[in-house]
Amino acid sequence: MDGVCLVSSAYMNDTVHPYIREDVDTAKRISLKVWVRAVLGLSEDQFVEWVGHIADNDWYKDEIIEEALIAFARASVETERYEPFAKLGNRIFELAKGELPGVDSFPINDIEMIRNDPVHLNRTPEDDVLGAKRKPDLLVVRGSKIRTLRSTKSMAFDWTDVLLFLEMKREKPLAETFLAWRKTQGLPGLDPRTLLPLGSTQPMKSGAAKKSAAAPIPTRTLRPRPPAKPPVKSKRELDSDDESVSDGDSTGPKKQRITSSELVTMDAKLQAGGYALEIASCTYGTRLFSTGVVLEDDRTSLWCYDAAGVVRTQETLSLFGDFEKVAAILVAFACCEPSQWGSLPPSIVTPPSSAPYPKHFPPKNLKGHTLEMRLPISKEKVLVTLGKPIFTQYNLVGRRTFLYEIKTDSETLTKPMVAKFSYQVTTRKAEQKLLRRAMKAGVKHLPEVHMWKDFWKLSEGARAIFHEHDKDDQYEDRVFRGLVYTQYFPLKELFSKSCELIPRMIDQMLDCLHDLRYKAKILHRDISCNNVMFEMRGTEVNFILIDYDWATIVDGEGHPIGTLPFMAFDLVADMAKRDNPDYQPIAHLLRHDYESLYYVSIFSSVSYPNMKRSTKARVHKTVVKLWESGPYEAIASVKELLCRKQSYVKHDLPLPPSSEFLRPYFVRFCRAIRRAYLVADAEDSDDSDDSDDEDVGQGKTRAPRSGHETLGGLLSRDSIKKALAGKARKVYIKVEEDEEPPVAAETSSDISADESDSEDESIPITEIPKRAGTKGTARKVAATKSAPVKKAVATKGPSKGKPAIFKATGKQIAISKEPPVKRGNFKGGKSAEHDDQERRNNTKHD
């Protein structure tokens, strides 16, 4: 099954994010006892003691528990299992309070399990119409929160309220399995059809069952997207997990044969991963990790999601055969301290005195929390108080960046500032070091950093237990890092009023990327709308390039990474090939960052102008969403339209009326990218006997001159600027017999043939062999020698055997002087639009 599954629009967004499948598929498997000790803080001895106590006292014979188990097994549809399981869990909590040794009254006396479906959880205000609408089946939350919501007659929880989510999937009836278990326990027999006592004439007692029978709630199931090609993997290969299931009687794990319901099995894991994504993205940094329980019929597995990856239990437990273990684990969840629920360690952040933990955990955000840092030179200790949250990154595994406005007690820090927090791979060069290097090299448009600190490593928490007995298991340890810099403003604040300054933004960012590469030898590698911000310098707007987490010093080939909606076509198309046995990733080069700027300009003009909510939702669905939803092949196809199909940008790219004036600008940008690759492809194909001429004629990228990061100057800063200004280098086209003249590169009479910029290196501008033959037939053409660039007038038609020269007459967009913008008109912060999930390299995440 493809990792991106279509679902009911009433359930959530139309697709699951492409990375969720990868995260779930690569989940680390560990034993149940290790998982419970690492996540729940329950020692093996205490776990065994609790299981023994529950078995000795026959909790399964409790009247409420027995009725709940019967109703759960009797359910004819999935939704009929929700309320019985919630009833079962809450009864287990009640029994534990007075019986289990070591169980304190708090927090378990304020923990409840509740059915959540069919109510959607609230999205963050920043998500607006763009966020996912999800409804976990069951939740474990604070009882005080439930009482508060009931008093308001609204049972819509926030993601910050969720302590534990439970996802169920009904694959088959459970009556037979349940009756067999009861028989082994010596319990009275039940009618196989009704699960009522034999000979009983009483009606079903389960209120949930009767309600569902009268008005059944449709089962929520995912509908897998029809494959574009016939599947080549077997059903077993589609989900390589061989679930180890304990039936309560066997002495060891038993492999279960994978059945035809396997797609539903994977759906449960994907949905649970989606819930973990929302918790990570909507809790503004309050959680290091989140936990979930997946119940596929009676099979129960435990899941933990943190910035380094997903960890699940190797074996699954049967709700019937392993009832005592399941009950003990539920109690352990209800007894968790904030650190077991994923809170930041108290050594990092201190909650406000008015809302101490654990009584006030989980908080909605970290506003009012404090932490300590030091100034880099004077080593002065600074107390940082977090203010309003201004950004949270939409991703599950990776950096999980979030930003807050801050105040400090330092007399030397007087500028408005923000604190950026993220989980960085420990082996990567720190952002502040890269910025220091760039500033010394004289690069402009950089953020001003004031102080930083590495607070804590994942290897100091549950990960230490996960990996303590697996020394050969290499995982990317991450450090929780804080960085304080001057407050800048998101593009949305500027472009929601007018998009007139988009050309200026592109111009300044082209300079910044060029200088980073050739003055400081740094590639940014993560150009996105969230990473370009602005400040006011008097009445002038100055754009700033932030977030150097992915940046690298250019000393070799780097893996293709970035933010998915803004990644270059080459990189996304390359990602689609990662499953190939002989896959070798292409290098991330400067031209890819230039191309990302193109997507940033379109995204800004489409997403940021003020428009009606319904219009915004429609634009997002028809344009922006296609850049990050679906298989990589589908995303690459959309990118190909934007950067290789000039006619699409000219006629079919949806733009709001307020941005329509930018269409010629985008056409020129597209033309610059397209023609650069056409030239490179044509030249490369002449050096290869195995070239695919038809692909070249259609403008598809096959084998660009990858040794030159700007295609030998064809896609350099200066060539892009000239193209955007309606000017470009003269390019000669060799036209063979019986061929139509191609669309040549634009020319301008005032452009010098001498390009001294370092990007151009020593690659000359050569004649471009014509690639398209008559009637759509591609024809290989021999390249001619380089011709001098001279002033020329465009001819009206081709001359056989002679070069045809064409001159562009595109209309240039004049960038007028922007009106004064007062600083007070803008609020600080990074854009709250979803920052796509981080691009992982060819090993793992990041």
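The values are calculated or read from the model by the stated rules, or taken from the named source; none is laboratory data. Not measured: the values here are computed from a predicted model. Here the Cβ is made from the backbone with ideal geometry for all residues, glycine too, and neighbour counts use every protein chain on show.
Structure summary
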item	result
Verdict on residue 65 being in the same structural domain as residue 119 (by TED's automatic domain parsing), of a type in the set (Val, Ile, Thr) and farther than 21 Å from residue 304 by Cα	yes
Where a residue in region 20-37 is more than 22 Å from residue 332 (Cα to Cα) and its partner, wherever it lies, is in a loop (DSSP other than H, G, I, E, B), with Cβ under 6 Å and at least six apart	21/3; 23/396; 23/397
Which listed residue, of 99, 94, 80, is touching a Ser or Thr at 6+ places or on another chain (Cβ under 8 Å), farther than 20 Å from residue 303 by Cα and not assigned by TED's automatic domain parsing to the domain that holds residue 474	80
Matching residues in region 311-324 - criterion: being at pLDDT 95 or above and either of a type outside the set (S, T, N, Q) or assigned to a helix (DSSP H, G or I) (or both)	311, 312, 317, 319, 320, 321, 322, 323, 324
Exclusive hit being over 20 Å from the mean Cα position of the chain (by Cα) and either in contact (Cβ under 8 Å) with a residue 40 or more places away in the chain or on the phi > 0 side of the Ramachandran plot (or both), set 590, 597	590
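Residue-wise test of (1) surrounded by fewer than 20 Cβ atoms within 10 Å (Cβ to Cβ); (2) part of a helix (DSSP H, G or I); (3) touching a Phe, Trp or Tyr at 6+ places or on another chain (Cβ under 8 Å).
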residue: 465; (1), (2), (3): yes, yes, no
residue: 474; (1), (2), (3): yes, no, no
residue: 497; (1), (2), (3): yes, no, no
residue: 510; (1), (2), (3): yes, yes, yes
residue: 513; (1), (2), (3): no, yes, yes
residue: 517; (1), (2), (3): no, yes, no
residue: 528; (1), (2), (3): no, no, yes
residue: 550; (1), (2), (3): no, no, no
